[in-house]
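S.K.: Pasting a structure here, questions to come.
The values are calculated or read from the model by the stated rules, or taken from the named source; none is laboratory data. Only a predicted model underlies this, so the values are computations on that prediction, with no experimental measurement involved. Glycine gets a Cβ as well: all are built from the backbone with ideal geometry, and neighbour counts include every protein chain shown.
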Amino acid sequence: MTVKISHTADIQKFFEQAAGFTNDQGSPRLKRIIQRVLHDSAKLIEDLQISEDEFWQAVDYLNRLGGRGEAGLLVAGLGLEHFLDLLQDAKDAEAGLTGGTPRTIEGPLYVAGAPLAEGQVRMDDGSEEGVATVMFLEGQVLDPNGQPLAGATVDLWHANTRGTYSFFDQSQSEYNLRRRIVTDAEGRYRARSIVPSGYGCDPQGPTQECLDLLGRHGQRPAHVHFFISAPGHRHLTTQINLAGDKYLWDDFAYATRDGLVGEVEFREDGARGVAGRYAELKFDFQLQKAPDSDAEQRSGRPRALQQA
């Protein structure tokens, strides 16, 4: 017989006390959240008959996950970050907010404060010259009516040929492959960069440990991240996933969505002033009108900041 006590009045009263409802200090919002976490956790322990060993293994796992800074990676890998996008899509549909380039996950590897350029910029520091394929990335930012948006900010970042990101990979120079571009009078942005590689979770890390137990891989396709913003328009968090990648539609982080696949064209015609093979990727973004000023801003998610 399975004993269940989480629903009893005494246990509910105990959880209210633990969540701070017996005092008038602190945050009422957090108190409600913690009470729900305690209640649902207790019910999970009872319903799935979680053993003490399993419980303390989970606590140890959370300690190791935080120690490695992989919590943001795990929530993407378990689909929770994608769920937030699906939830917002549903809210938008209910509110009649439609159109524009689809959103998708931000991921945990953004760094604030990248160098700002007007119209066009080179993103790479040249350290992978002779190894990487030069890529010319360009397009327009458009308003809801398809008209160019001058003065929009295109904040973009991506991995190098090894699938690692500057700041988190200390071997790379500061802000390598990270830039902000203000669109020109025709709403255009242009960047010279390199073709990025996809990447996988650290095989020795706690995220991959969890995925292994779920029978899942931890691989991502090659992709480029974007924040797109413009006054009076809704902030867009999205990414382009590169066509032809093995993991394009098998992304462990569930970031690939219809309308976000970029077709890379490879050339060797010398037209761009590059000797040998180079790549071109063209992608336009269409923003929605902002229903209020808050919608113009990206979320308040904590993000890394390069120290001066």
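S.K.: So which residues in the stretch 242-261 are more than 17 Å from A132 (Cβ to Cβ) and not in a loop (DSSP other than H, G, I, E, B), if there are any at all?
M.R.: Result: V261, single match.
S.K.: In the list A279, A255, A271, A222, which residue meets the criterion of being over 17 Å from A159 (Cβ atoms) and among the aliphatic types (A, V, I, L, M)?
M.R.: Only one candidate qualifies: A271.
S.K.: Determine whether the stretch 86-95 contains at least one residue that is in contact (Cβ under 8 Å) with a residue 40 or more places away in the chain and surrounded by 12 or more Cβ atoms within 10 Å (Cβ to Cβ).
M.R.: Within the stretch 86-95, not a single residue is in contact (Cβ under 8 Å) with a residue 40 or more places away in the chain and surrounded by 12 or more Cβ atoms within 10 Å (Cβ to Cβ).
S.K.: Quick one: which of K31, K4 is outside any helix (DSSP H, G or I), surrounded by 12 or more Cβ atoms within 10 Å (Cβ to Cβ) and out of contact with any His (no Cβ under 8 Å at 6 or more places or on another chain)?
M.R.: The unique qualifying residue is K4.
S.K.: Kindly establish whether G215 is free of Cβ contacts under 8 Å to residues at least 40 places away in the same chain, on the phi > 0 side of the Ramachandran plot and not in a strand (DSSP E or B).
M.R.: Yes.
S.K.: Examine the stretch 158-170 for a residue that is in the same structural domain as V274 (by TED's automatic domain parsing), more than 20 Å from T238 (Cα to Cα), at pLDDT 95 or above and over 20 Å from the mean Cα position of the chain (by Cα), and state whether such a residue exists.
M.R.: Within the stretch 158-170, one or more residues are in the same structural domain as V274 (by TED's automatic domain parsing), more than 20 Å from T238 (Cα to Cα), at pLDDT 95 or above and over 20 Å from the mean Cα position of the chain (by Cα).
Residue by residue, here is whether (1) out of contact with any helix residue (DSSP H, G or I) (no Cβ under 8 Å at 6 or more places or on another chain); (2) of a type in the set (S, T, Y); (3) part of a loop (DSSP other than H, G, I, E, B) holds:
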site: G270; (1), (2), (3): yes, no, yes
site: G273; (1), (2), (3): yes, no, yes
site: A279; (1), (2), (3): yes, no, no
site: S299; (1), (2), (3): yes, yes, yes
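S.K.: Do we have any residue at all in the stretch 171-182 that's surrounded by fewer than 23 Cβ atoms within 10 Å (Cβ to Cβ) and either without any contact (Cβ under 8 Å) to a residue 12 or more places away in the chain or under 25 Å from E268 (Cα atoms) (or both)?
M.R.: For the stretch 171-182, residues surrounded by fewer than 23 Cβ atoms within 10 Å (Cβ to Cβ) and either without any contact (Cβ under 8 Å) to a residue 12 or more places away in the chain or under 25 Å from E268 (Cα atoms) (or both): present.
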